[in-house]
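These notes are about the structure you will find just below.
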Amino acid sequence: MAAPPDPQFVLRGTQSAVHALHFCGGAQGREHQLLLSGSLSGLVHIWSLQTRRAIATLDGHGGQCVIWLQTLPQGPQLLSQGRDLKLCLWDLAEGRNAVVDSVGLESVGFCRGSVLARGQQRWMLAVPGRGSDEIQILEMPSKTSVCTLKPEADAKPGMPMCLELWQTDSSARPHLLAGYEDGSVALWDVSERKACSRIACHTEPVMGLDFDSQKARGVSGSAEKALAVWSLDEQQALQARGTHQLTNPGVSDVKIRPDRKLLATAGWDHRVRVFHWRTMKPLAVLAFHSAAVHCVAFAADGLLAAGSKDHRISVWSLYPPP
């Protein structure tokens, strides 16, 4: 491996640990790309990547950590999830920064929600449910409950730790991948409300997972020194595809780049690691941060952002997509 590059630039000014990152393009009538960050202090910062400054600060979580950010397909709307048991829906159109709706959550935990677009105006939302091992699926924006996904009585996976809603282009049936406290990953058929398959991936809670629905292949990380790679066969059964050993224990977040070429991990050892997604060959170790890296995010153009406990966000341009 060649010596890793320096960040393209660094965003400072969150004055608090960064726990969530999300790129969005062209919101607020701007053609320029924006980066959204959520902090331990409960604030969401909207950063211009042109000026590299925060252009707005959203305060909707009463000083409680923001753990998840997601823009919605239908225009400039943002979801933010905080540890105040609230999911806020923001209208960012034409420079507005207003909370237009919110969803009360049953469970505080560290489990980020997940969204699946269902046409222009509707979307499905997965969040941790009332029971400690439950996942609630809502139809949005009506907040209608679709179902509660509850493990079978003999399965004791513990709390859901991470969620990923998805569906294939060929099927309208939504599926959910869930990583659990016991280190297992389960595939749920949302329409049938049943777990199709579950595999033990880690001996520690799953801290992050991502899924490549085109290759039917996913990856997860935990407190351990290994990434688990797994796949989904034609019968909707999860298959372990091997583990990739890491230098140091602890992965907070894993993300596959939108072009499915690269994978990035956020490490407790202050490092961001970049892998070739198909082969899992290590490509780079990005050593910039002075504390644990909590989150990573890719932009459509390949930019990589990492948010850390050290209050800084590093932005990297690596192996740009052709």
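The values are calculated or read from the model by the stated rules, or taken from the named source; none is laboratory data. Note that the coordinates shown come from a computational prediction; the quantities given were computed from them, not determined experimentally. Cβ: placed from backbone, ideal geometry, glycine included. Neighbour counts: every protein chain shown. In case anyone asks, the SASA skips ligands and DNA or RNA and just uses the protein heavy atoms, side chains included. Shrake-Rupley method; radii C 1.70, N 1.55, O 1.52, S 1.80 Å.
A few notes on this one:
- Among residues of the range 66-122, those that are closer than 24 Å to residue 55 by Cβ, out of contact with any helix residue (DSSP H, G or I) (no Cβ under 9 Å at 6 or more places or on another chain) and hydroxyl-bearing (Ser, Thr, Tyr), counted: 2
- Strands (runs of 3 or more DSSP E) lying entirely in the range 266-322 (those with 2 or more residues that are closer than 15 Å to residue 11 by Cβ): 293-298, 304-308, 313-316
- The range 141-158, residues that are closer than 28 Å to residue 90 by Cα and surrounded by 20 or more Cβ atoms within 10 Å (Cβ to Cβ): 149
- Check on residue 242, at positive phi and either at pLDDT below 95 or of a type in the set (Gly, Ala, Ser) (or both): yes
- Across the range 189-200, the qualifying residues are those that are touching a Pro at 6+ places or on another chain (Cβ under 9 Å) and of a type outside the set (A, V, I, L, M, F, W, C), and the one among them that is surrounded by the most Cβ atoms within 10 Å (Cβ to Cβ) is 198.
- Of note, residue 103 does not satisfy the criterion of being under 16 Å from residue 36 (Cβ atoms) and either among the β-branched types (Val, Ile, Thr) or modelled with pLDDT of 95 or more (or both).
- Subset tally (residues that are out of contact with any Ser or Thr (no Cβ under 6 Å at 6 or more places or on another chain), over 22 Å from residue 207 (Cβ atoms) and open to solvent by less than 50 Å² (accessible area, probe 1.4 Å)) for the range 64-80: 6
- Some residue of the range 101-112 being under 22 Å from residue 313 (Cα atoms), open to solvent by less than 50 Å² (accessible area, probe 1.4 Å) and either more than 17 Å from the chain's Cα centre (by Cα) or of a type outside the set (D, E, K, R) (or both): yes
- Matching residues in the range 201-245 - criterion: being open to solvent by 20 Å² or more (accessible area, probe 1.4 Å), among the polar types (S, T, N, Q) and assigned to a strand (DSSP E or B): 239, 243, 245
- Residue count, the range 30-45 (criterion: at pLDDT 95 or above and touching a strand residue (DSSP E or B) at 6+ places or on another chain (Cβ under 7 Å)): 10
- Screening residue 270 on (1) touching a Ser or Thr at 6+ places or on another chain (Cβ under 7 Å); (2) closer than 20 Å to residue 40 by Cα; (3) crowded, with 20+ Cβ neighbours inside 10 Å; (4) not small (Gly, Ala, Ser) shows it passes everything except condition (3).
- Residues of the range 25-44 that are part of a strand (DSSP E or B) and either farther than 20 Å from residue 100 by Cβ or open to solvent by 10 Å² or more (accessible area, probe 1.4 Å) (or both): 25, 33, 35, 37, 39, 43.
- Taking the listed residues 186, 178, the one that is under 23 Å from residue 242 (Cα atoms), surrounded by 15 or more Cβ atoms within 10 Å (Cβ to Cβ) and in contact with a Lys or Arg (Cβ under 8 Å, 6 or more places away or on another chain) is 186, with no other qualifying.
- Residue in the range 61-68 that is within 27 Å of residue 164 (Cβ to Cβ), modelled with pLDDT of 95 or more and touching an Asp or Glu at 6+ places or on another chain (Cβ under 6 Å) present: yes
- Selected residue [open to solvent by less than 20 Å² (accessible area, probe 1.4 Å) and modelled with pLDDT under 90] from 58, 138, 125, 92: 92
- Residue match in the range 253-266 (condition: over 29 Å from residue 42 (Cα atoms) and crowded, with 17+ Cβ neighbours inside 10 Å): yes
- Scanning the range 294-322 for residues that are crowded, with 22+ Cβ neighbours inside 10 Å and touching an Asp or Glu at 6+ places or on another chain (Cβ under 8 Å) yields 294, 295, 296.
- Filter result (of a type in the set (Lys, Arg) and at positive phi) within the range 40-74: 52
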